[in-house]
1. Answer yes if at least one residue in the stretch 317-328 is under 12 Å from the mean Cα position of the chain (by Cα), in a strand (DSSP E or B) and closer than 16 Å to GLN215 by Cα, and no otherwise.
2. Tell me the strands (runs of 3 or more DSSP E) entirely within the stretch 120-229 that contain at least 2 residues that are more than 22 Å from the chain's Cα centre (by Cα).
3. Would you call ALA220 among the small types (Gly, Ala, Ser) and touching a Pro at 6+ places or on another chain (Cβ under 6 Å)?
4. Among the residues of the stretch 294-342, which ones are touching a helix residue (DSSP H, G or I) at 6+ places or on another chain (Cβ under 9 Å) and either of a type outside the set (A, V, I, L, M, F, W, C) or over 23 Å from ASN91 (Cα atoms) (or both)?
5. Residue under question is GLY249, and the condition is that it be part of a loop (DSSP other than H, G, I, E, B), more than 18 Å from ALA96 (Cβ to Cβ), open to solvent by 30 Å² or more (accessible area, probe 1.4 Å) and touching a strand residue (DSSP E or B) at 6+ places or on another chain (Cβ under 9 Å); does it hold?
6. Any idea which of (1) open to solvent by 40 Å² or more (accessible area, probe 1.4 Å); (2) in a loop (DSSP other than H, G, I, E, B) is the one HIS244 doesn't satisfy?
7. Restricting attention to the stretch 338-360, report how many residues are β-branched (Val, Ile, Thr) and open to solvent by less than 10 Å² (accessible area, probe 1.4 Å).
8. Could you tell me which numbered condition PHE335 fails, if it satisfies all but one of (1) buried (at least 19 other Cβ atoms within 10 Å of the Cβ); (2) part of a loop (DSSP other than H, G, I, E, B); (3) touching a strand residue (DSSP E or B) at 6+ places or on another chain (Cβ under 8 Å)?
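The values are calculated or read from the model by the stated rules, or taken from the named source; none is laboratory data. Predicted model, so just to flag it, every value in this text is computed and none were measured. Methodologically, a virtual Cβ is constructed for each residue, glycine included, from the backbone with ideal geometry; neighbour enumeration extends over all protein chains shown. Accessible surface areas use protein heavy atoms only, side chains included; no ligands, DNA or RNA. Shrake-Rupley method; radii C 1.70, N 1.55, O 1.52, S 1.80 Å.
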Amino acid sequence: MIRRPPRSTPKPSSAASDVYKRQQWNSGKYAEGMETLQRSESLLFAGQSQQIDGQRSWVEAGLRFGLEAMSSAKDRPEAHIVSGGLNSDANEYYGAFDLTGEWMVFTRSSSAGNGQHSGQGGEDFYSSRWSQGEDWSTPVPLRGVNTAQNEGAPTLSGDGRTMVFTACATPREGYGPRRGKGSCDLFESTWDETAQKWTLGKNLGAPNSAGWESQPTLSADGNTLIFAKAMKGHDAPSDLAVSHRLDHGGWSAPKSLPGLINTSRTEESPFLHPDGKTLYFSSNGHPGMGGLDVFVSRREKDGTWGMPKNLGPGVNSYGKDNSLMVTPMGDHALFASTRGADNLNFWEIPLEKEDRAIEVATLTLSLLHI
């Protein structure tokens, strides 16, 4: 009887190897991913599609960056959870400072399995105040702007009296008391001194479209707006866009943010520091540690934005990292993270010198501390 030859173990396909490398990258297994990378070199073949080449190069760049970044992680500052009453059992994320850095507005929400909050809808705005020598105060809901719909991702003008934010439609209620164009739009609310509350919020108009606009950041003077924009909804890759306030008070049509920030993948969660020259944002299109990482870019003399720099371990991980804001002093950042908990909380970290923004002097006029 002729024996059959032993069955050999089939080699994994190039595509399967690429998927595996990406899984290792997105779980922080950078060394293992590099080993998979080296083994997969023999699987490369001529004539493979440009798309496959791009995917492989993207994952390889991430694995290499993650491995190098972790080797220097011990020399970097460490983050710690913000003390005081700012955090709760609900989710806290997407915040903004006024120019004093002593008053902030942020988004709070609850979801299945997480703590409840005292707001009106799934996502609402809360404010908290910091005093010298004290922790952040227990947050209180903002009056006037919160509704039964979702409000989130606020940004403040330097004087704390103008707020641009995101509101999204629901299949059942739409935008509720507001009027919108797409799945999520940008709205502007102002502080009503007489009524001692925020206005409901007016649709910004030109910056919005039938697509998805979210996560705005205002310049300190309130005249430049940078935000995340996706033409095909929030599940599609987004870019950063910019609009400018016009003389009559409206906004210009948005344009893609000039420079080296946007990629063919996702850019979101921009934070323009009050210095007007330093922009922090999240992306998975530049080499990072997996998922979304936070980067910093500087505005060049010609008005374009320069090559992004990854903020590295401490802020970034192999998960999705965003929702970062930097104090007016420029040396500390707050960001939202699930590390150590099942819900999002605010964490704080001192920034490396090369990642800091320019310190902005505190306003002398009286700002809102409500």
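1. Pass one, the stretch 317-328, residues under 12 Å from the mean Cα position of the chain (by Cα): 320-325.
Right, trim to in a strand (DSSP E or B) and you get 325.
Then keep just the ones that are closer than 16 Å to GLN215 by Cα; that gives 325.
Yes: the stretch 317-328 contains one or more residues that are under 12 Å from the mean Cα position of the chain (by Cα), in a strand (DSSP E or B) and closer than 16 Å to GLN215 by Cα.
2. Details: elements: 123-129, 150-156, 162-168, 184-192, 212-218.
Of the strands (runs of 3 or more DSSP E) lying wholly inside the stretch 120-229, those with at least 2 residues that are more than 22 Å from the chain's Cα centre (by Cα) span 184-192.
3. Details: among the small types (Gly, Ala, Ser): yes; touching a Pro at 6+ places or on another chain (Cβ under 6 Å): yes.
Yes.
4. Matches in the stretch 294-342: VAL296, LYS309, ASN310, LEU311, GLY312, PRO313, GLY314, ASN316, TYR318, ASP331.
5. Details: part of a loop (DSSP other than H, G, I, E, B): yes; more than 18 Å from ALA96 (Cβ to Cβ): yes; open to solvent by 30 Å² or more (accessible area, probe 1.4 Å): yes; touching a strand residue (DSSP E or B) at 6+ places or on another chain (Cβ under 9 Å): no.
Considered against the rule, which asks whether it is part of a loop (DSSP other than H, G, I, E, B), more than 18 Å from ALA96 (Cβ to Cβ), open to solvent by 30 Å² or more (accessible area, probe 1.4 Å) and touching a strand residue (DSSP E or B) at 6+ places or on another chain (Cβ under 9 Å), GLY249 comes out as no.
6. (2)
7. Going residue by residue through the stretch 338-360, those that are β-branched (Val, Ile, Thr) are 338, 349, 358, 360.
With open to solvent by less than 10 Å² (accessible area, probe 1.4 Å) added as a condition, the list becomes 349.
The total comes to 1.
8. Condition (2) is where PHE335 drops out.
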